[in-house]
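Enquirer: The structure that follows is given in the form of C-alpha cells.
The values are calculated or read from the model by the stated rules, or taken from the named source; none is laboratory data. For clarity, every value in this text was computed on a predicted model and none was experimentally measured. Here Cβ is always computed from backbone atoms with ideal geometry, including for glycine, and neighbour counts include all displayed protein chains. All accessible areas refer to the heavy atoms of the entire protein, side chains included, with ligands and DNA or RNA removed. Shrake-Rupley method; radii C 1.70, N 1.55, O 1.52, S 1.80 Å.
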Amino acid sequence: AAALVWALQTFLIRWRPAEIPIMQFMTITIGIGIVCLAPVYFMEHSTGRTMPVDLGTVKSVFFVAFFASVLGASLYNEGTYRVGGATAGYFGNLWPVFSAGLAIAILGEALAWYHLAGALAVFAGIWFATHKR
C-alpha cells in the first residue's frame, strides 16, 4: 500500500501549483499522512503495544521525522516536480544503496563486495536510463 501511495504521489506531483511552495505542500502532505495514520496508532496503543521511550527511540524518531520525512521527502518532491515522475522514478532505485550505506555507517555492518557491486549497478542503470545514447 505504501509503495502504491508513493507511486501515486510521484505521478500526481506534476500538477502541484507552482505558487504553492514546497514546504507548504509538504505540510499538507504530512497533515494527510497524520490523519491516515492516526487510527492505526490508536488501535495499536489500545492493545498496550506502545513504543518504549528511551534515548534510542528518541534518536530514531528524530532521524526518521527530520531526515527521511521532512528533508528527504521535500527534496524528492521538489526534484519530482522539476524533472517529472518518469525521471524521478529512476532515482527510487537508490533507496537500497542509501539503506546499505546507513547500515554500514550507523549499525556497523561490514562493507562487502556485493554492496559495491549493487551500488555500481544502480548508478550505471540510472546513468543509462537518463542519458541519451
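Enquirer: Quick check: at a probe of 1.4 Å, how many percent of the accessible area of the chain sits on carbon and sulfur atoms?
Expert: 75
Enquirer: Further question on the same structure: What is the extension gain from TYR41 to LEU75, computed as 0.36 nm multiplied by their sequence separation minus the C-alpha to C-alpha distance, in nm to one decimal?
Expert: So the extension gain works out to 9.6 nm.
Enquirer: If the chain between ALA129 and THR27 were fully stretched, how many nm would it gain, using 0.36 nm times the residue separation less the Cα-Cα distance?
Expert: 33.5 nm
Enquirer: If you don't mind, there's one more thing I want to ask. Looking at PHE67, ALA129, ILE22, which one has the Cα that reaches farthest to the positive end of the dipole of the chain (charges on Cβ: Lys, Arg +1; Asp, Glu -1)?
Expert: The Cα lying farthest towards the positive end belongs to ALA129.
Enquirer: Can I ask one more? Please identify the DSSP H helices in the chain that span no less than 27 Å along the helix axis (Cα) and have a mean Kyte-Doolittle hydropathy of 0.5 or more. Please report the intermediate quantities before stating the final value.
Expert: Values: long enough: 22-46 (35 Å, 1.37).
Length and hydropathy pass: 22-46.
Enquirer: Hey, another quick one. Rounded to the nearest 500, what is the 222 nm mean residue ellipticity of the chain from helices alone, with -39500 (n - 2.57) per DSSP H run of 4+ residues and division by all residues?
Expert: -22500 deg cm²/dmol
Enquirer: Additional query: Place a +1 charge on the Cβ of each Lys and Arg in the chain and a -1 charge on the Cβ of each Asp and Glu, then give the dipole magnitude about the Cα centre in debye, rounded to the nearest 20. Before the final figure, lay out the partial values.
Expert: Working: 7 positive and 5 negative charges, 88 e Å.
In total the dipole reaches around 420 debye.
Enquirer: Please work out the average accessible area per residue across the chain, using the 1.4 Å probe convention, and give it in Å². Walk me through the numbers on the way to the answer.
Expert: Values: 10120 Å² over 133 residues.
Spelled out: the 1.4 Å probe surface of the chain, per residue, equals 76 Å².
Enquirer: Test of understanding: what is the full-extension gain from LEU116 to LEU12, defined as 0.36 nm times their sequence separation minus their Cα-Cα distance?
Expert: 34.1 nm
Enquirer: Which one, ALA110, GLN9, GLY92, is farthest towards the positive end of the dipole of segment 1-128 when Lys and Arg carry +1 and Asp and Glu -1 on their Cβ?
Expert: Value computed over the given set: GLN9.
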